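*Asks:* My questions will all concern the structure given below.
The values are calculated or read from the model by the stated rules, or taken from the named source; none is laboratory data. All figures in this text were calculated on a predicted structure; none of them were measured in a lab. Glycine also receives a Cβ, built like all others from the backbone with ideal geometry; neighbour counts cover every protein chain displayed.
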Amino acid sequence: MPRGHHAVGNVTPMKDVLANYRPGTAFDEMIDESGEVRPSYQAVYGSLQRATPGELKVIAEFLANNYTQAGVTFDVGGVERPFPLDLIPRVIAAPEWDTVEAGVAQRVRVLEAFLADVYADARVISDGVIPRQLVTSSTHYHRAVWGIVPPNGVRIHVAGVDLIRTPEGDVRVLEDNVRVPSGVSYVMTNRNAMITAMPAAFSNQRIRSVAGYPQRLLNALRTSAPYGIDDPNVVVLTPGVYNSAYFEHTLLARTMGVELVEGRDLECRRGKVLMRTTAGLQRVDVIYRRIDDDFIDPVHFRSDSMLGVPGLVNAVRTGGVTLANAIGNGVADDKLVYTYVPDLIRYYLHEEPILRNVDTWRLEEDAAREEVLDRLPELVVKPVDGSGGKGIVIGPRASAEQLDGLRRRLIADPRGWIAQPLVQLSTVPTFLDEKLAPRHVDLRPFAVHSGEEVWVLPGGLTRVALPEGELVVNSSQGGGSKDTWVLSPPVHHPGGWVNESEAEQTSAAEPDGSAGTSEPTPQPRRPSPVPLVVGRPPGLAPDLVRGTPESQQEQQQQAGRWC
Amino acid sequence: MLSRIAESLFWIGRYVERADDTARLLQTRLRVMIEGTSLTETEACRNLLALMGVEEDAEPTRDDLLRTLGYDSRETSSISASWALARDNARRAREVIPAELWQCINTTWHSLPSGRIQLTQAHSFCDWARERSALFTGIARGTMVRDDGWQFLLLGRSLEQADMTSRMVASAAPAAGATQWPQVLRGCGGHDAFLRTYRGVHSDTGAAEFLIVDARFPRSIMHGLIAASDCLRTVSQAKPGARSVDEAQRALGQLQARLEYTPIEELLGFLDTSMTGVQDVCEAVTETVTTSFFAAADSRAWTTEGTR
């Protein structure tokens with residue numbers, strides 16, 4: 001499609017929703033630098049042009065109520081909060097998604113190879129690709145699981161790879177999450193809510209479905225079962241109802257049709273894991289655990305853990321149970337190891353990285369440390385083992401005292417930190433205070449590794465920072481989310497691909513999605529249905545009685561008259 | 001069925017039923033007080049609070065009654081507290097209960113009154129509470145798979161219903177002065193059914209019989225006890241030979257026999273004692289079910305797996 005085919009304002013006079021939409025210096029996903037609508041956003045832009053602020057407000061309120069009623073929440077400090085869903089989707093064009101998909105899968109494959117290596121003979125160290133000290137000093141490198149080989153070789157059953165887009169427009173990897181990445185439930189609930197709230201928007205274009213995730217995950221979990229188990233009993237292990245992602249745990253258990261258990265529901269006996277049911281103890285074969293390594297087994301890790309199951313590590317070691325994701329994965333998403341991932345890709349896969357990293361300074365290198373300490377007020381500094389935005393210091397926002405404190409900590413523990421330039425994340429229009437404003441977003445695609453393939457859920461969780469100019473998108477920091485639409489490549493069929501302006505016109509009238517997207521197939525002949533049976537009208541006498549009650553009543557009156 | 005989930009379902013059943021019955025009791029008592037009785041307001045309120053196991057030292061008013069049993073979620077016996085507890089349990093069992101059912105509970109919890117409600121709103125509040133429980137029951141019946149989870153929900157509900165009807169019957173005790181049976185029957189939604197069954201003949205014994213032993217009436221004590229026995233039998237099939245479950249069955253059976261074969265006049269003569277007896281059995285059965293099906297963690301887990 002030629003660019004600029006739909007110049008701003010050509011189709012219909014602009015309504016006030018878009019009137020004041022002015023992207024800033026960051027890359028805007030909808031409007032390019034010359035002020036034109038990007039091809040991927042044509043349909044969304046068209047819908048927005050037709051909408052009034054009042055209409056959008058109704059949709060926004062519907063989305064908010066829907067989430068409150070359905071209990072789609074995350075917990076902050078024990079208080080349930082609805083997870084705000086913005087009504088403007090983040091749209092990804094088909095060719096770009098192909099790159100992202102391949103890049104994410106590549107990262108999972110390489111980290112899988114890296115984990116298999118560092119928990120065995122560590123060739124990567126002896127070959128001099130990564131320093132031994134860096135691996136062994138990672139807080140998430142657990143010797144307790146050294147030498148354990150998972151049944152189908154998979155340690156990263158689920159990965160979430162955080163991506164951002166730089167002002168120049170390239171997609172970079174911000175961090176890998178291969179421990180217990182969360183957020184996938186919101187991908188599914190966001191889609192459901194959006195389809196309910198604005199069915200018409202979905203009939204404009206083909207958007208790839210996200211509904212297949214639970215089945216993919218269940219399949220990956222089942223194939224990872226211990227040897228000799230044909231029909232494994234899979235469970236989801238949650239820390240409990242006060243965990244911030246508890247909603248997600250319930251959703252995954254429900255959509256996979258498996259039990260959601262807490263640590264206290266399980267016990268280990270002679271290398272087997274059993275759960276307490278009303279019919280006695282029952283064997284568990286695969287545990288999709290959503291508890292951190294530190295808490296998973298008080299025998300090996302934190303002995304004060306009330307959430308874990310004593311003996312779980314032994315059960316994993318003796319092959320009595322499979323944990324997904326595996327214990328000790330944290331060494332692969334350590335932020336200092338992250339800086340070596342491009343080298344690891346070349347080393348293990350003999351490929352070039354498909355997605356680049358964000359430039360990162362390793363503070364253990366003297367020159368880098370000097371530079372970082374000099375430029376601290378303009379950089380972002382992160383702890384290497386953190387997640388969820390915890391402990392991040394954004395230089396330009398930090399006070400002088402905070403920076404001084406940080407400087408001291410960096411010098412004392414250079415292994416514990418990395419520094420990155422402050423990247424202006426790309427923006428997407430977001431509906432706030434009855435108008436659209438650009439807000440920064442990132443993207444967390446989710447990958448499921450079954451041992452045979454790495455499958456990437458089309459789309460992923462787009463998190464949006466709601467305050468103006470805010471760059472931290474974590475939900476724990478007051479972020480919201482957006483539905484992420486990966487467009488299907490246009491399908492060519494005899495009827496021809498409906499051109500967009502036509503689709504836009506028909507969509508308003510036909511919200512059923514039939515507009516030109518489905519190929520007319522001959523309908524198989526159906527047997528004619530049995531008509532619905534209805535009761536007799538009230539007051540009618542049984543069939544045996546001739547005549548109607550009314551006529552008999554009339555006769556009575558007549559008889560009375562004649563008597 | 002996971003023990004912890006079974007326990008949650010059992011208590012969801014109990015709390016939703018309790019919210020319903022509390023609304024009925026409260027509504028009935030407020031109505032009786034308006035229509036005039038030989039009791040003073042303080043006595044009438046104190047009686048009901050005592051019946052619900054609430055300790056009240058001062059002189060309670062109708063407002064206190066509405067607060068304690070109605071909207072104040074800090075009071076353990078209130079309708080609001082029951083729904084909050086039901087939701088708490090539902091959150092823990094969210095992956096096994098149908099989404100519609102969860103939404104029903106969650107929506108109810110979100111619409112609970114946040115502040116004080118006036119006496120003039122009491123009736124609409126009680127009506128609303130009853131409707132929410134009815135909606136829950138309807139959705140549960142229409143969407144839940146008839147597995148052990150359903151049985152535990154039903155078990156909780158049946159025990160609670162027997163327990164609460166016994167309190168309702170006790171609230172009509174002759175000590176309260178003028179006969180209150182019609183109001184109690186109305187409170188149970190059984191006034192018309194009673195009139196039809198007894199062909200319009202009003203009598204205290206008839207009313208008591210209807211509410212206590214007529215198993216055809218779904219809010220009677222007998223109906224609750226029989227339903228509970230049935231559930232217990234079904235769930236214990238998975239766990240044959242558990243001696244404590246047999247004890248619970250026996251307690252339920254003995255109670256049914258006692259209520260059925262004691263002359264109704266005799267029951268009426270010692271109404272308080274016989275109704276307390278019903279509550280005792282319900283409590284004992286709950287304890288048994290808890291220990292035999294919802295067993296807590298085995299403290300030996302550490303000692304068997306604690307060392308390599």
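*Asks:* With a cut-off of at least 3 residues that are within 15 Å of the chain's Cα centre (by Cα) and within 30 Å of A:Leu274 (Cβ to Cβ), name the helices (runs of 4 or more DSSP H) lying wholly within region B:1-79.
*Replies:* Here the list reads B:3-35.
*Asks:* Within region B:114-132, how many residues turn out to be within 24 Å of A:Pro82 (Cα to Cα) and either among the small types (Gly, Ala, Ser) or modelled with pLDDT under 90 (or both)?
*Replies:* Total satisfying the criteria: 2.
*Asks:* Kindly provide the set of residues from region A:443-454 that are surrounded by fewer than 24 Cβ atoms within 10 Å (Cβ to Cβ) and in a strand (DSSP E or B), ordered by number.
*Replies:* Listed by number, the list holds a single entry, A:Val454.
*Asks:* Can you tell me which of A:Ala105, A:Ala116 is surrounded by 20 or more Cβ atoms within 10 Å (Cβ to Cβ), in a helix (DSSP H, G or I) and not assigned by TED's automatic domain parsing to the domain that holds A:Leu218?
*Replies:* Checking each option against the conditions leaves just A:Ala105.
*Asks:* Looking at the structure I just gave you, is B:Trp181 of a type in the set (Phe, Trp, Tyr) and more than 17 Å from the chain's Cα centre (by Cα)?
*Replies:* In short, yes.
*Asks:* Inside region A:51-75, can you point out the residues that are within 14 Å of chain B (Cβ to nearest Cβ) and assigned to a helix (DSSP H, G or I)?
*Replies:* Within region A:51-75, A:Ala64, A:Asn65, A:Asn66, A:Tyr67, A:Thr68, A:Gln69, A:Ala70 qualify.
*Asks:* Sticking with this one: Anything in region A:196-219 that is part of a helix (DSSP H, G or I) and out of contact with any Asp or Glu (no Cβ under 9 Å at 6 or more places or on another chain)? List them, or say none.
*Replies:* Within region A:196-219, A:Thr196, A:Ala197, A:Ala201, A:Phe202, A:Tyr213, A:Pro214, A:Gln215, A:Arg216, A:Leu217, A:Leu218, A:Asn219 qualify.
*Asks:* With the checklist (1) under 18 Å from A:Lys482 (Cβ atoms); (2) in contact (Cβ under 8 Å) with a residue 24 or more places away in the chain; (3) away from chain B (no Cβ under 13 Å) in hand, flag the one item A:Ile195 doesn't pass.
*Replies:* (2)
*Asks:* Within region B:63-84, is there a residue that is away from chain A (no Cβ under 12 Å) and under 25 Å from B:Cys231 (Cα atoms)?
*Replies:* The answer is yes; a qualifying residue exists.
*Asks:* Something else: Mind counting the residues in region A:342-357 that are crowded, with 19+ Cβ neighbours inside 10 Å and part of a loop (DSSP other than H, G, I, E, B)?
*Replies:* Total satisfying the criteria: 1.
*Asks:* Can you name every residue in region B:242-261 that is within 24 Å of B:Arg167 (Cβ to Cβ) and surrounded by 15 or more Cβ atoms within 10 Å (Cβ to Cβ)?
*Replies:* B:Ala248, B:Gln249, B:Ala251, B:Leu252, B:Leu255, B:Gln256, B:Leu259
*Asks:* Here's another thing I want to ask about it. Find the residue count for region A:314-333, including only residues that are out of contact with any Phe, Trp or Tyr (no Cβ under 8 Å at 6 or more places or on another chain), of a type outside the set (S, T, N, Q) and buried (at least 23 other Cβ atoms within 10 Å of the Cβ).
*Replies:* 7
*Asks:* Of the numbered conditions (1) under 16 Å from the mean Cα position of the chain (by Cα); (2) on the phi > 0 side of the Ramachandran plot, A:Asp433 fails exactly one; give the number of that condition.
*Replies:* (1)
*Asks:* Another question about this same structure. Within region B:85-100, which residues are in a helix (DSSP H, G or I) and either touching a residue at least 24 places away in the same chain (Cβ under 8 Å) or away from chain A (no Cβ under 14 Å) (or both)?
*Replies:* Correct list: B:Leu85, B:Ala86, B:Asn89, B:Ala90, B:Arg92, B:Glu100.
*Asks:* Moving on. For B:Ala193, only one of the following conditions fails: (1) closer than 18 Å to B:Gln161 by Cβ; (2) in a loop (DSSP other than H, G, I, E, B); (3) not basic (Lys, Arg). What is its number?
*Replies:* Of (1) closer than 18 Å to B:Gln161 by Cβ; (2) in a loop (DSSP other than H, G, I, E, B); (3) not basic (Lys, Arg), only one is false for B:Ala193: (2).
*Asks:* For A:Ile148, indicate whether it is farther than 24 Å from A:Leu217 by Cα, out of contact with any Cys (no Cβ under 7 Å at 6 or more places or on another chain) and not assigned by TED's automatic domain parsing to the domain that holds A:Gly386.
*Replies:* No, not satisfied.
*Asks:* For region B:101-123: of the residues being in a helix (DSSP H, G or I) and more than 10 Å from chain A (Cβ to nearest Cβ), which is surrounded by the fewest Cβ atoms within 10 Å (Cβ to Cβ)?
*Replies:* That would be B:Thr120.
*Asks:* A further question on this structure: Could you list, in sequence order, the residues of region A:293-322 that are part of a loop (DSSP other than H, G, I, E, B) and either hydrophobic (A, V, I, L, M, F, W, C) or not assigned by TED's automatic domain parsing to the domain that holds A:Ala253 (or both)?
*Replies:* Within region A:293-322, A:Val299, A:Phe301, A:Met306, A:Leu307, A:Val309, A:Val321 qualify.
*Asks:* Which of the following residues is touching a residue at least 24 places away in the same chain (Cβ under 8 Å), touching a His at 6+ places or on another chain (Cβ under 9 Å), surrounded by 16 or more Cβ atoms within 10 Å (Cβ to Cβ) and not assigned by TED's automatic domain parsing to the domain that holds A:Asn219: A:Leu457, A:Leu471, A:Leu466, A:Leu436?
*Replies:* After ruling out the rest, the residue left standing is A:Leu471.
*Asks:* Report whether or not A:Ile327 is free of Cβ contacts under 8 Å to residues at least 40 places away in the same chain and among the aliphatic types (A, V, I, L, M).
*Replies:* No, not satisfied.
*Asks:* Has region A:157-178 got any residue that is buried (at least 22 other Cβ atoms within 10 Å of the Cβ) and part of a helix (DSSP H, G or I)?
*Replies:* No; the residues of region A:157-178 include none that is buried (at least 22 other Cβ atoms within 10 Å of the Cβ) and part of a helix (DSSP H, G or I).
*Asks:* Let me ask something else. Looking at A:Asp98 and the list (1) in a strand (DSSP E or B); (2) more than 29 Å from A:Phe295 (Cα to Cα); (3) of a type outside the set (Gly, Ala, Ser), which single condition is not satisfied?
*Replies:* In the conditions (1) in a strand (DSSP E or B); (2) more than 29 Å from A:Phe295 (Cα to Cα); (3) of a type outside the set (Gly, Ala, Ser), A:Asp98 misses (1) alone.
*Asks:* Got a sec? Which helices (runs of 4 or more DSSP H) wholly within region B:223-308 have at least 1 residues that are modelled with pLDDT under 85 and of a type in the set (Phe, Trp, Tyr)?
*Replies:* Correct list: B:301-305.
*Asks:* Taking A:Gln205, is it farther than 30 Å from A:Tyr45 by Cβ, modelled with pLDDT under 95 and either more than 14 Å from every other protein chain (Cβ to nearest Cβ) or buried (at least 23 other Cβ atoms within 10 Å of the Cβ) (or both)?
*Replies:* no
*Asks:* How about region A:259-273: which of its residues are in contact with a strand residue (DSSP E or B) (Cβ under 9 Å, 6 or more places away or on another chain) and either charged (D, E, K, R) or surrounded by fewer than 20 Cβ atoms within 10 Å (Cβ to Cβ) (or both)?
*Replies:* A:Glu259, A:Glu262, A:Arg264, A:Asp265, A:Glu267, A:Arg269, A:Lys272 - these are the residues of region A:259-273 that are in contact with a strand residue (DSSP E or B) (Cβ under 9 Å, 6 or more places away or on another chain) and either charged (D, E, K, R) or surrounded by fewer than 20 Cβ atoms within 10 Å (Cβ to Cβ) (or both).
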